[in-house]
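Accompanying notes for the structure given below.
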Amino acid sequence: SQQGEEDPQALSIQEGENATMNCSYKTSINNLQWYRQNSGRGLVHLILIRSNEREKHSGRLRVTLDTSKKSSSLLITASRAADTASYFCATDAWSSGNTGKLIFGQGTTLQVKP
Amino acid sequence: EAGVTQFPSHSVIEKGQTVTLRCDPISGHDNLYWYRRVMGKEIKFLLHFVKESKQDESGMPNNRFLAERTGGTYSTLKVQPAELEDSGVYFCASSPFGGARETQYFGPGTRLLVL
């Protein structure tokens, strides 16, 4: 079964607004990572948050992790048109052993209108 | 520092043909991963190398897929013979030694279309 599920599947906002994307997962994790994919391009790593962390910031990005609810959120503040992309959460589950393989959600497609 | 590179960026082949994808990880990264995304589905793990050794190949769909990493540097993923359902984007990622639980850096992907 799918480890990561993201909500919403699609989000459209105006430039300057904040965008929040949520990710839920099923099993215990070592860490959770957020990636961005611009249309037709590769995956760009945004943030890694470990299971013992609750919140991390990077520039306009804020990630929270609630292991009791098995969920994470990605907040992009003061969005820009260049933030238009698909965003994926990926979990490194304890059940994966030492391989570190990531299990991805379906992604949220964000459109930021100028 | 150069990132993860993949070649080719696109490949269009006919069913039954063979295709070989190549991944060059970030220099010095011992961990190398292959993932793929087929149309409309999520990105899925294929396998994991530590240097030249396969640590986990639980995601390989069937024996038409063969991955190698001779010398522990670049890796190849061969699909032989290719089927229609193999179409998708194949991503490679790498992370440093001891970093199997750290950030994975992804390449741009190879877009494979099997006709």
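Every number here is computed from the coordinates shown, using simple stated rules; none is lab data. All of these numbers come straight from a predicted model, not from anything done at the bench. Note that we place each Cβ from the backbone using ideal geometry, even for glycine, and neighbour counts take in every protein chain shown.
Rounded to the nearest 0.05, the FRET efficiency derived from the C-beta distance between A:ASP7 and B:LYS15 at R0 = 45 Å is 0.75.
Its Cα centre serving as origin, region A:5-113 has a Cβ charge dipole (Lys and Arg +1, Asp and Glu -1) of approximately 200 debye. Once both labels are positioned 7 Å from their Cα atoms along Cα-to-Cβ, the gap between A:ASN52 and A:SER68 label points is 1.9 nm. With the convex hull built on the Cα atoms of chain B, state its orientation-averaged projected area in nm². For the Cα atoms of chain B, the hull's average projected area reads 6.6 nm².
Averaged over the residues of peptide B:41-51, the number of Cβ atoms from other protein chains lying within 10 Å of each residue's Cβ is 5. Remark: for residue pairs A:LYS56/B:LYS41; B:LYS15/B:LYS41; A:LYS56/A:LYS101; B:LYS51/B:LYS78; B:LYS15/B:LYS44, the C-alpha separation exceeds 25 Å in A:LYS56/B:LYS41.
log10 I(q)/I(0), Debye, Cα-only chain A, no solvent, q = 0.10, 0.11, 0.13, 0.20 Å⁻¹? Here the Debye-derived log intensity ratios amount to -0.27, -0.32, -0.45, -1.03. A P(r) calculated from all alpha carbon pairs of the protein assembly as shown, with 5 Å bins opening at zero, reads 1, 7, 15, 19, 18, 17, 12, 7, 3, 1, 0 percent.
Taking amide H positions as modeled 1.01 Å from N, with prolines and chain starts lacking one, the residues under 5 Å from A:THR84 and 5 or more places away or on another chain are A:VAL112. Applied to region B:26-38, the Karplus parametrisation 6.51 cos²θ - 1.76 cosθ + 1.60 on θ = phi - 60° returns per-residue 3J(HN,Hα) values of 5, 4, x, 7, 7, 8, 9, 10, 10, 10, 8, 10, 8 Hz, with x for Gly and Pro. Counting, for every residue in B:70-79, the Cβ atoms of other protein chains within 10 Å of its Cβ and taking the mean gives 0.
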